[in-house]
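Visitor: One structure is given below, represented as structure tokens, and several questions about it will come after.
Rule-based calculations on the coordinates, nothing more; no lab input. Since we're looking at a predicted model, the values are computed, not measured. Because the Cβ atoms are built from the backbone with ideal geometry, glycine has one as well, and the counts that use them run over all protein chains shown.
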Amino acid sequence: MLDIQNLSIRFTRYTFGLKKKEVCVVRDFDLSIAPGQVMAVIGQSGAGKSLLAHALLGILPRNAKVEGRILFKGKPLTPERLSALRGREIALIPQSITALNPLLRVGVQVARAARLSGISKKDVPTTVRRAFSRYLLRKEVAHCFPFQLSGGMARRVLTATATVGMADLILADEPTSGLDPITAREALTHLRELADTGKAVLLITHDIAAALQVADMVTVFCAGTTVEVARADDFKGLDQLRHPYTRALWDALPANSFIGTMKPIERTSDAAGCPFQPCCNDQNTVCGQSTPELKDSGEGRVRCHHA
Amino acid sequence: MITQFLLVKIFRLILLIAAVATLSFLLVSSSPVNPVDAYVGTAMLRISQDQREIIAKRWGLDKPPVERFGRWAGQMATGNLGVSTIFNEPVLSVIGKRFVTSFWLMALAWSLSGALGFGLGLIAGAREDTLLDRGIRLYAYTMASTPTFWVGMILLMVFSVSLGWTPVCCAWPPGLSAEQATLWQRLHHLLLPAVTLSLIGIAQITLHTREKTIEALRSDYAVFARAQGESIIGIVFVRALRNVALPAVTLQFASLGELFGGAVLAEQVFAYPGLGRTTVEAGIRGDIPLLLGIVLFSTIFVFTGNFMADLIYHLVDPRLRKTAGAIS
Ligand SMILES: Nc1ncnc2c1ncn2[C@@H]1O[C@H](COP(=O)(O)OP(=O)(O)O)[C@@H](O)[C@H]1O
Ligand SMILES: [Mg+2]
């Protein structure tokens, strides 16, 4: 469905005296996802996860530059192709409920999304009604303004908005943030159901425990780079995990030994070496000199000089 | 909810009027204008000192200021604002007549600047940093820093003097009364002053709408709309229109004070017999009752503008319109 190789996202900023400065937020990012799959993308906050989703939709700010190879359904995803696909074949479930316009009624907003996804004018009302009932939203909710909804309801409205069309690839950005465990579980179940109908779901989150409940595969994202691709099952025990960063994340899970909280990892734009090197306990000189390649490893992949 | 809102506003208005009245009274009583001189005007030389004192005594000018203020405020509270010395007519009726003339001028200028400014702001914001945006911004900044009377004079020279398309002065042809003039004649006389007044007012609303449009385009809901395949034009004209229009309408109502100030200058340039010109006359010729009346009237006028702005927010913004209860 989607195949990303060597994706990088850079921002150009103008500092004093009109000096151009480039900041590289994502680089060497690889990911691939098949229909019917839930692929979790896990990374700390600030790792560039939301930017990744926005890059896949081509809606980054104008000062952003995206490079790399993105194949969608086997064909390169060019900007022209993207503007035709956006909202029709690729849909976003945004990170925050502020993505709903505070001054428009919820029903109007979902109907507009339906219309943009290519549904004919006369079919819009039935489609919207079906989307509402699928996510257990009562009819009256359509007449509400966003501020009248509870957090969980607003989340379901966002999911309904993204799935009202026939998109085959769903990008869910932090779908559980700010939700209580029961509502979060419900949001994740909805994503699983979508994948089970043959869609590809990219579940972007910083919460591994939540992601592991529904994901088939996990891509671990460290300082803007893919460091490991693993099956969700590999997270059953420490020994199946390939990368020291992933193992550190696993340790930090509440159910496990819990060694301590992770330091956020930052990498200056073009520093050479392994992205995880500043925090790695298992490093030697080569780690500081060259960025390791992403190698196949069992059913997953890993980017480490020592794996 | 709404009654409480209204009560608070009325209470504020009363406080405001009391404050403005006190301040104006203090200013007038310490000003060098002698009301008796202003009243007798050119007959000054033919009137003896005794006669002046009789007038002063009849008006209570020999009483201490606090007592004078009490009497004046008492009269005002019953709606008696006194008689204008230059028109020899009750102040209220002078203000009423002149305001009607001004009203059409201000209404036309206000709607023109509102509609054009809003449209230009939307376009500039949607096309941020393009040549179009820069042109519109340059125009707005130029207008914002140009004095009204200067724009008025330029327009007058071009359209009335050189081209002869519009009349040089007044609100209707000289020699006719307001009732005799046709609607067309009155519109014809109204056009240039109204355009002058609106050209100045456009700047603020354009720049404000532009900022709000850019802000809306960067908002989370606009990013989500883009993800749904919405175009920039679609976001500006379908999704964000309400979010941008609400503060714009509010601003337009809140700018009635500047409109009134602009009208004073524009009416002066075009010799347009409205309330603005009357204000200048009353000031120059020391017509204190009329001047005080106009001060109070303009206070209420500006207050009404701000009140409308607040009211619209309360009626239109669903977050403030707490009628529908939350559904959960
Ligand atoms: N417009 C921008 N210009 C420059 N840097 C940006 C911009 N937007 C985001 N970033 C940077 O990109 C990083 C990743 O952001 P984001 O994708 O929101 O992280 P998250 O993984 O929490 O979703 C942030 O650290 C931020 O500093
Ligand atoms: Mg994010």
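Visitor: For peptide B:228-241, what's the mean number of Cβ atoms from other chains within 10 Å of each residue's Cβ?
Guide: Values: counts 18, 17, 6, 2, 0, 0, 2, 1, 0, 0, 3, 6, 3, 2.
Per-residue shielding by partner chains comes out at 4.
Visitor: How large is the charge dipole for the protein assembly as shown, taken about the Cα centre, if only the Cβ atoms of Lys, Arg (+1) and Asp, Glu (-1) carry charge, to the nearest 20 debye? Before the final figure, lay out each step's value.
Guide: Working: 65 positive and 49 negative charges, 196 e Å.
Roughly 940 debye, rounded to the nearest 20.
Visitor: Same structure, new question: Between region A:108-125 and region A:18-75, how many Å separate their Cα centres?
Guide: With region A:108-125 and region A:18-75 each reduced to a Cα centre, they are spaced 28 Å.
Visitor: Another question about this same structure. Would you pull out the residues with amide H under 5 Å of A:Val26's amide H, same chain only if 5 or more places away, H placed 1.01 Å from N?
Guide: HN-HN under 5 Å from A:Val26: A:Ile9.
Visitor: Among B:162-172, B:67-77, how do they line up by average Cβ neighbours within 10 Å per residue, starting with the highest?
Guide: Most protected by this proxy first, the peptides run B:162-172, B:67-77.
Visitor: Nearest 500 deg cm²/dmol is fine: what mean residue ellipticity at 222 nm does chain A get from its DSSP H runs of n ≥ 4 alone, each adding -39,500 (n - 2.57), divided by its residue count?
Guide: Working: 9 runs with 87 residues, N = 307.
Helix-only estimate at 222 nm: -8000 deg cm²/dmol.
Visitor: For peptide A:116-128, compute the average count of partner chain beta-carbon atoms within 10 Å of each residue's beta-carbon.
Guide: 1
Visitor: Something else about it: For region A:31-123, which GluC sites (Glu not before Pro) are in a loop by DSSP, counting at most 12 other Cβ atoms within 10 Å?
Guide: The qualifying sites: there are none.
Visitor: Separate question: Would you work out if chain B is rounded, prolate or oblate? Take a ≥ b ≥ c from the square roots of the eigenvalues of the alpha-carbon gyration tensor; rounded if a/c is under 1.5, else prolate when a/b is larger than b/c, oblate otherwise.
Guide: oblate
Visitor: Please arrange A:Ser8, A:Ser290 by counting, for each residue, the other beta carbons lying within 10 Å of its beta carbon, fewest first.
Guide: A:Ser290, A:Ser8
Visitor: Calculate the dipole size of region B:2-90 relative to its Cα centre from +1 charges on Lys and Arg beta carbons and -1 charges on Asp and Glu beta carbons; express the result in debye to the nearest 20.
Guide: That gives region B:2-90 a dipole magnitude of about 220 debye.
Visitor: So for region B:1-91, what are the equivalent ellipsoid semi-axes in whole Å, largest first, each being the square root of 5 times an eigenvalue of the Cα gyration tensor?
Guide: Computed over region B:1-91, the values are 34, 14, 11 Å.
Visitor: Shifting gears a bit: Quick check: from the Cα gyration tensor, does the protein assembly as shown come out rounded (a/c under 1.5), prolate or oblate? If you can, show how the numbers build up before the last one.
Guide: Working: a/c = 2.83, a/b = 2.69, b/c = 1.05.
Here the protein assembly as shown falls in the prolate category.
Visitor: A further question follows. Can you pull out the GluC sites (Glu not before Pro) in region B:149-238 whose DSSP state is coil and whose Cβ has at most 15 other Cβ atoms within 10 Å?
Guide: B:Glu179
Visitor: Which listed residue (B:Pro64, B:Val28, B:Leu6) has the Cα farthest towards the positive end of the charge dipole for region B:2-90, taking +1 on Lys and Arg C-beta and -1 on Asp and Glu C-beta about the Cα centre?
Guide: B:Leu6
Visitor: Across the residues of A:90-103, average count of Cβ atoms on other protein chains within 10 Å?
Guide: Taking the mean over all residues of the peptide, I get 5.
Visitor: Hey, got the dipole for region B:92-327? About the Cα centre, +1 on K and R Cβ, -1 on D and E Cβ, debye to the nearest 20?
Guide: On the way: 17 positive and 14 negative charges, 60 e Å.
Result for region B:92-327 is approximately 280 debye, rounded to the nearest 20.
Visitor: What is the Cα centroid distance between region A:143-189 and region B:150-170, reported in whole angstrom?
Guide: So the two Cα centres are separated by 62 Å.
Visitor: Next question. What order do you get for A:95-107, A:143-155, A:214-226 when each peptide is scored by the mean count of other beta carbon atoms within 10 Å, highest first?
Guide: Peptide ranking by packing, descending: A:214-226, A:95-107, A:143-155.
Visitor: In chain B, which whole DSSP H runs stretch at least 15 Å along their own axis (Cα) and average 1.6 or higher on the Kyte-Doolittle scale?
Guide: What comes out of the filter, once short or polar helices are dropped, is B:2-29, B:288-316.
Visitor: If you don't mind, another one. Set the bar at 31 Å for Cα to Cα. Now go through A:Lys199/A:Lys236; B:Lys9/B:Lys212; B:Lys9/B:Lys57 and name every pair that lies beyond it.
Guide: B:Lys9/B:Lys57
Visitor: Let me ask something else about it. Please list B:220-229, B:105-114, B:124-133 highest first by mean number of surrounding beta-carbon atoms within 10 Å per residue. Intermediate values should be presented prior to the final figure.
Guide: Working: B:220-229: 23.9, B:105-114: 21.0, B:124-133: 17.1.
Going by the mean number of other Cβ atoms within 10 Å, highest first, we get B:220-229, B:105-114, B:124-133.
Visitor: Right, next: Can you pull out the trypsin sites (Lys or Arg not before Pro) in region A:5-98 whose DSSP state is coil and whose Cβ has at most 12 other Cβ atoms within 10 Å?
Guide: Those that pass, being in a loop and sparsely packed, are A:Arg62.
Visitor: Straight-line reach from A:Lys73: which aspartates and glutamates have Cα under 19 Å away, leaving out those fewer than 8 places along the same chain?
Guide: A:Asp3, A:Asp30, A:Glu89, A:Asp168, A:Asp196
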